[in-house]
Amino acid sequence: MKIISYATLIISIISVVTTIAKSDTKQFDAASVSKKYFLSQEKVANSLNLAHESMQPKMKPCEVTCGNNTVAYEITRQGVGLLETPYGEFYLFDFKVNDTWEHYFALVKAQLNSDFMPEFKNSKSVTLRIDSGCLTGQLFNDRTCECKAQLELAMKDISEIGEGLVICIPTQDGRGMGLPFKLA
């Protein structure tokens with residue numbers, strides 16, 4: 001029996017769903033995928049449905065009031081996927097918001113409901129880190145930056161607690177001043 005990781009299966013299924021979405025002429029053959037990965041056709045079909053549904057954009061309007069000023073935003077979930085990290089499994093949400101920063105990620109450790117929304121067991125006290133998406137520190141391991149260590153500590157703490165989330169604002173590099181300012 002061939003053993004594959006859950007991540008490999010999900011990547012394969014997303015690849016198939018993406019191929020189907022891009023081309024109406026290609027047909028998906030659940031039997032060949034189930035045979036290749038030693039899975040039941042029912043499990044393959046269920047996984048495909050979940051992958052397809054998780055890639056369907058979902059928009060929710062939201063109003064934020066600060067003092068006498070109220071601003072309306074549209075938050076659109078672009079996709080959801082499972083990540084296997086050194087700190088366990090997390091769901092990665094991809095969001096688009098009509099605000100200054102436009103693009104957000106949420107790294108979530110929680111059970112998801114049938115609409116791919118997190119359900120926290122202790123919703124009155126959720127561990128949260130707001131991350132500014134540090135390109136130089138988190139991606140390129142800049143030794144003068146502690147952002148990667150802070151992110152890893154947050155993921156470790158959330159994993160130990162069993163639930164929580166990290167909201168990442170990748171375009172807020174340099175604490176909102178931008179990458180050119182940070183590099184100067």
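The values are calculated or read from the model by the stated rules, or taken from the named source; none is laboratory data. Computed from a predicted model, the values in this text were never measured in an experiment. As a convention, Cβ positions derive from the backbone with ideal geometry for all residues, glycine included, and neighbour counts pool all protein chains shown.
Any residue at all in the range 64-75 that's within 26 Å of Leu151 (Cβ to Cβ) and in contact with a Ser or Thr (Cβ under 8 Å, 6 or more places away or on another chain)?
Of the residues in the range 64-75, the ones within 26 Å of Leu151 (Cβ to Cβ) are 64, 73, 75.
If we keep only those that are in contact with a Ser or Thr (Cβ under 8 Å, 6 or more places away or on another chain) as well, we get 64.
Yes - at least one qualifying residue is present in the range 64-75.
Of the residues that sit in the range 98-145 and are of a type in the set (Asp, Glu) and in a strand (DSSP E or B), which one is surrounded by the fewest Cβ atoms within 10 Å (Cβ to Cβ)?
From the range 98-145, those of a type in the set (Asp, Glu) are 99, 102, 115, 119, 131, 142; that's our starting set.
Going one step further and asking which of them are in a strand (DSSP E or B), we end up with 119, 131.
On the way: Glu119: 10, Asp131: 20.
By that ranking, first place goes to Glu119.
Check off (1) aliphatic (A, V, I, L, M); (2) exposed (fewer than 11 other Cβ atoms within 10 Å of the Cβ); (3) at pLDDT 75 or above for Ile3 and give me the number that stays unchecked.
Of the numbered conditions (1) aliphatic (A, V, I, L, M); (2) exposed (fewer than 11 other Cβ atoms within 10 Å of the Cβ); (3) at pLDDT 75 or above, the odd one out for Ile3 is (3).
Of all residues in the range 160-178 being in a helix (DSSP H, G or I), surrounded by fewer than 18 Cβ atoms within 10 Å (Cβ to Cβ) and not acidic (Asp, Glu), which is modelled with the lowest pLDDT? Show your work before the answer.
In the first step, residues of the range 160-178 are kept if they are in a helix (DSSP H, G or I); the result is 160-161, 170-172.
Narrowing the set further to residues that are surrounded by fewer than 18 Cβ atoms within 10 Å (Cβ to Cβ) leaves 160-161, 170-171.
Applying the additional criterion that residues be not acidic (Asp, Glu) yields 161, 170-171.
Details: Ile161: 95, Pro170: 84, Thr171: 79.
Filtering first and then ranking leaves Thr171.
May I ask you to list pairs of residues, at least six apart or on different chains, whose Cβ atoms are under 6 Å apart, with the first in the range 50-65 being in contact (Cβ under 8 Å) with a residue 24 or more places away in the chain and farther than 12 Å from Asp94 by Cβ and the second being part of a helix (DSSP H, G or I) and aliphatic (A, V, I, L, M)?
Going by the 6 Å Cβ cut-off, the qualifying pairs are Ala51/Ile13; Ala51/Ile14; Ala51/Val17; His52/Val17.
Give Phe181, Phe140 a once-over and let me know the one that is on the phi < 0 side of the Ramachandran plot, modelled with pLDDT under 90 and touching a Gly at 6+ places or on another chain (Cβ under 6 Å).
The match here is Phe181.
Among the residues of the range 152-177, count how many are out of contact with any helix residue (DSSP H, G or I) (no Cβ under 6 Å at 6 or more places or on another chain) and within 27 Å of Asp99 (Cβ to Cβ).
14
Determine the pairs where a residue that is in contact (Cβ under 8 Å) with a residue 12 or more places away in the chain, located within the range 99-114, has a partner that is of a type in the set (A, V, I, L, M) and part of a loop (DSSP other than H, G, I, E, B) with Cβ atoms under 8 Å apart, the partner being 6 or more residues away or on another chain.
Trp101/Ile169; His103/Ile169; Tyr104/Ile169
Those residues that are touching a residue at least 12 places away in the same chain (Cβ under 8 Å) and either loosely packed, with under 12 Cβ neighbours inside 10 Å or among the hydroxyl-bearing types (Ser, Thr, Tyr) (or both), I need them from the range 27-49; list them, please.
Those that are touching a residue at least 12 places away in the same chain (Cβ under 8 Å) and either loosely packed, with under 12 Cβ neighbours inside 10 Å or among the hydroxyl-bearing types (Ser, Thr, Tyr) (or both): Tyr37, Phe38, Ser47.
What single numbered condition from (1) more than 30 Å from Asp29 (Cα to Cα); (2) within 14 Å of the chain's Cα centre (by Cα) fails to hold for Pro61?
(2)
Spot the failing condition for Thr65; the list is (1) surrounded by 13 or more Cβ atoms within 10 Å (Cβ to Cβ); (2) in a strand (DSSP E or B); (3) of a type in the set (Ser, Thr, Tyr), and only one is missed.
Among (1) surrounded by 13 or more Cβ atoms within 10 Å (Cβ to Cβ); (2) in a strand (DSSP E or B); (3) of a type in the set (Ser, Thr, Tyr), Thr65 violates only (1).
Considering only residues that are charged (D, E, K, R) and over 25 Å from Ala106 (Cα atoms), look in the range 40-58 and name the one that is farthest from the chain's Cα centre (by Cα).
In this case the residue turns out to be Glu42.
Going through the range 146-159 one residue at a time, which ones are of a type in the set (A, V, I, L, M) and either surrounded by 15 or more Cβ atoms within 10 Å (Cβ to Cβ) or part of a loop (DSSP other than H, G, I, E, B) (or both)?
Hits for the range 146-159 are Leu151, Ala154, Met155, Ile158.
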